[in-house]
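Engineer: For reference, the structure I am asking about is given below.
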Amino acid sequence: MAMNPMQKKARTSFLLGMLLTLIITGIIIGLLIAQLSKMKKAEAAIVYQKVYVLNSDVTSGDNLMGAGSFQDVRTEFVPANAITSANIGTYISDVSTAKIGVRKGTVLTTDMINTEGVQDSADMRLQEYNMIVLPTQLVQGEHVDIRLRLPSGEDYIVLSKKYIAQSNGDTIWIKVSEEEILTMSNAIVEAYIMEGSLLYATTYVDAGMQNSSTPTYIVSQSVINLMNVDPNITVTAMNALSQRYTEKAREQRNVINSAKNGYTEDAITNIETNLAEEVEKMKAARQQYVDSLAR
């Protein structure tokens, strides 16, 4: 049946519309394919590197080799000074610590890490002390100086920048060498002799960035003599001691001797009383620890 002009015109318009739609759709599909191909080429050109991010927050001075401290991830956005698979061996070791406080998820960079650590010497021991006056907010992982303040006001650094391996109430555990053990023993006894003296700890504000202070406390001549014949003191420690005992240092020692001489009559009593208190503290702490194991 022949179509009237109006039907023919409508049919022609419909076919032209379909053809135009197909052409436009084809163009769009072609553009999409071209764009997708371009994206794939760009993605293939991206160089991904392995970097390391923290699994938990760390504070200044924290050791970075703890279990689960960091993990590796692959990313294209890598800081120029990032720790990568190529340099991790240089910057991450048993003695690596954080210079600054860093949040979880942060990419580790060389600027954040202090690689200058001191390996434990053969005479290093983990020592417990419960006679030191501690900062109220001291926690495990911080660094402290141990100081002795005399009744006359003189104040000496006995041990410098010691890492708090553990802290429990009025007791701390720190690593000390043979020379440091003898030095601390001398300082403890003299603190016991001189009523009004104070053996106390001060905390580093930013342990990762701050250098160790220089010890200024000089032990007595009898302890020096003991150190000279003690086979457990390393050569390095003996050399450091020799450099410390200058004429000025001996003058400082005379100040301590003068202060101590005023307590000659009560010295033995003061030592015995304080040692008894120290022993009782250690017994109580030991019993508390044993009881905790039994729970």
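Engineer: Only one of (1) surrounded by 17 or more Cβ atoms within 10 Å (Cβ to Cβ); (2) touching a residue at least 60 places away in the same chain (Cβ under 8 Å); (3) not in a helix (DSSP H, G or I) fails for Ser152. Which number is that?
Structural biologist: (1)
Engineer: For the stretch 20-61, give me the residue count where each residue is acidic (Asp, Glu) and modelled with pLDDT under 80.
Structural biologist: Residues in the stretch 20-61 being acidic (Asp, Glu) and modelled with pLDDT under 80: 1 in total.
Engineer: Additional query: Hey, among Tyr163, Tyr129, which residue is in contact (Cβ under 8 Å) with a residue 24 or more places away in the chain, surrounded by 15 or more Cβ atoms within 10 Å (Cβ to Cβ) and within 17 Å of the chain's Cα centre (by Cα)?
Structural biologist: Tyr163
Engineer: Another question, then. Against the definition (surrounded by fewer than 17 Cβ atoms within 10 Å (Cβ to Cβ) and at pLDDT 85 or above), how does Thr236 come out, yes or no?
Structural biologist: Considered against the rule, which asks whether it is surrounded by fewer than 17 Cβ atoms within 10 Å (Cβ to Cβ) and at pLDDT 85 or above, Thr236 comes out as no.
Engineer: Another question, if that's okay. For the stretch 184-211, what are the residues that are hydroxyl-bearing (Ser, Thr, Tyr) and over 11 Å from Ile157 (Cα atoms)?
Structural biologist: Ser185, Tyr192, Ser197, Thr203, Tyr204
Engineer: Identify all residues within the stretch 85-108 that are of a type in the set (Ser, Thr, Tyr) and surrounded by fewer than 17 Cβ atoms within 10 Å (Cβ to Cβ); write none if there are none.
Structural biologist: Once the filter is applied, which keeps residues that are of a type in the set (Ser, Thr, Tyr) and surrounded by fewer than 17 Cβ atoms within 10 Å (Cβ to Cβ), the stretch 85-108 yields Ser85, Thr90, Ser93, Thr106.
Engineer: Only residues that are modelled with pLDDT under 90, out of contact with any helix residue (DSSP H, G or I) (no Cβ under 8 Å at 6 or more places or on another chain) and among the hydroxyl-bearing types (Ser, Thr, Tyr): list them for the stretch 141-166, please.
Structural biologist: Tyr163
Engineer: For the stretch 78-135, which positions are part of a helix (DSSP H, G or I) and modelled with pLDDT of 80 or more?
Structural biologist: Listed by number, the residues that qualify are Thr110, Asp111, Met112.
Engineer: Ser185: over 25 Å from the mean Cα position of the chain (by Cα), in a loop (DSSP other than H, G, I, E, B) and hydroxyl-bearing (Ser, Thr, Tyr), yes or no?
Structural biologist: Considered against the rule, which asks whether it is over 25 Å from the mean Cα position of the chain (by Cα), in a loop (DSSP other than H, G, I, E, B) and hydroxyl-bearing (Ser, Thr, Tyr), Ser185 comes out as no.
Engineer: Let me ask something additional. Cβ contacts < 8 Å: first residue touching a residue at least 60 places away in the same chain (Cβ under 8 Å), restricted to the stretch 223-235; second residue of a type in the set (S, T, N, Q), any location; separation 6+ or different chain. Result?
Structural biologist: Ile233/Ser177; Thr234/Ser121; Thr234/Ser177
Engineer: While we're on this one: Can you tell me how many residues in the stretch 259-278 are modelled with pLDDT under 75 and of a type in the set (Val, Ile, Thr)?
Structural biologist: Within the stretch 259-278, residues that are modelled with pLDDT under 75 and of a type in the set (Val, Ile, Thr) number 3.
Engineer: Just need a number here: residues in the stretch 199-208 that are of a type outside the set (Val, Ile, Thr) and either assigned to a loop (DSSP other than H, G, I, E, B) or within 18 Å of Ser258 (Cβ to Cβ) (or both).
Structural biologist: So the answer is 4.
The values are calculated or read from the model by the stated rules, or taken from the named source; none is laboratory data. Every value quoted in this text rests on a predicted model; they were computed, and no experiment measured them. Neighbour counts run over all protein chains shown; Cβ positions are idealised from the backbone, glycine included.
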